[in-house]
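Enquirer: Here you go, one structure.
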Amino acid sequence: MRQRVRAGSRPRRRRLLLLSAGARAGVLRAGALRAGVLRAGVLLAGVLPAGVLLAGTLLAGTLLMGVALVGCDPQSKPLTQYEGGARVTGDGRLVLWMGAVCARVTGVDVQFNDRQGDPLETWILTPGRRAAPLSYLTVGKAPRGFRESRPVNTDWRIADTLRIRVRSDAEQRSTYLSTDSLTADSAAHVGQWFVQDHGWMSMTSYRDLVRKDAAVAPMCPR
């Protein structure tokens with residue numbers, strides 16, 4: 001059963017950070033148009049009356065604003081959310097699930113942040129060899145095939161959010177985890193995983209979500 005995730009400043013910050021590809025393209029188009037307007041203005045300034053030139057400048061500015069607004073269309077397709085799952089064991093340990101078996105992971109960072117979003121500490125894992133497979137990890141305990149490059153001394157429950165990064169030779173995938181929703185409801189969802197922005201899910205429900213929603217994918221980098 002899905003649980004509605006409480007809205008707050010953290011999801012809002014996340015949405016602001018996830019600037020759509022359409023918005024970036026719009027900014028580039030707007031920059032190109034602005035450059036063209038300026039070049040045209042320089043060429044026409046010497047041959048057109050001041051009133052005509054002013055009207056043309058205002059029209060160009062309106063077009064420029066239109067291009068920018070189209071690029072920031074809120075209905076544009078969202079970026080992919082890389083989400084795994086999390087749950088708390090009976091002895092209070094936090095277990096993270098990548099959502100699949102990641103074949104060649106070259107590093108993992110788990111950053112502990114306070115309520116203002118400032119980092120408290122970062123737990124860093126590196127593989128014993130160049131890369132290693134990874135599916136689950138328990139925060140504070142290096143999984144098989146990895147070692148702690150930077151051990152963690154902070155209790156994960158003190159953090160307000162965790163920023164999780166999984167790297168390969170080709171790319172990095174990142175997500176965040178709100179700890180308050182996780183700790184408040186964990187006892188009522190034994191055997192399930194908390195998926196940020198989607199609530200508590202079984203493995204089967206999570207895999208169905210990934211299959212049906214192209215905007216959600218496991219944490220495994222290519």
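Here, each number is a calculation from the coordinates, and none is a lab measurement. Just so it is clear, the model here is predicted, and its values are computed rather than measured. Here Cβ is always computed from backbone atoms with ideal geometry, including for glycine, and neighbour counts include all displayed protein chains.
Enquirer: Let me check I've understood the local charge: for residue 142, count other residues with C-beta under 12 angstrom from its C-beta, Lys and Arg +1, Asp and Glu -1. What total comes out?
Expert: My count for the surroundings of residue 142 gives +3.
Enquirer: Compute the Cα gyration tensor for segment 113-222, then decide on rounded, prolate or oblate, letting a ≥ b ≥ c be the square roots of its eigenvalues: rounded whenever a/c is under 1.5, prolate when a/b is larger than b/c in the other cases, and oblate in all that remain.
Expert: Oblate shape, in that a/c is at least 1.5 and b/c is the bigger or equal ratio.
Enquirer: Which far-off residues, 5 or more places away or on another chain, put their amide H under 5 Å from the one on residue 198, with H placed in the peptide plane?
Expert: Residues meeting the amide H criterion: none.
Enquirer: Here's a follow-up. Treating only the Cβ of Lys, Arg, Asp and Glu as charged (+1, +1, -1, -1), what charge dipole size does segment 182-222 show about its Cα centre? Round to the nearest 20 debye.
Expert: Value, rounded to 20: 240 debye.
Enquirer: Enumerate the amide H contacts of residue 81 below 5 Å, restricted to partners 5 or more residues apart or on another chain; note that Pro and chain-start residues carry no placed amide H.
Expert: 216, 217
Enquirer: What net charge do the residues around residue 170 carry, taking every other residue with its C-beta under 12 Å from that of residue 170, with Lys and Arg at +1 and Asp and Glu at -1?
Expert: +2
Enquirer: How high is the FRET efficiency from residue 202 to residue 154, r the C-beta distance, R0 25 Å, rounded to 0.05?
Expert: About 0.25, to the nearest 0.05.
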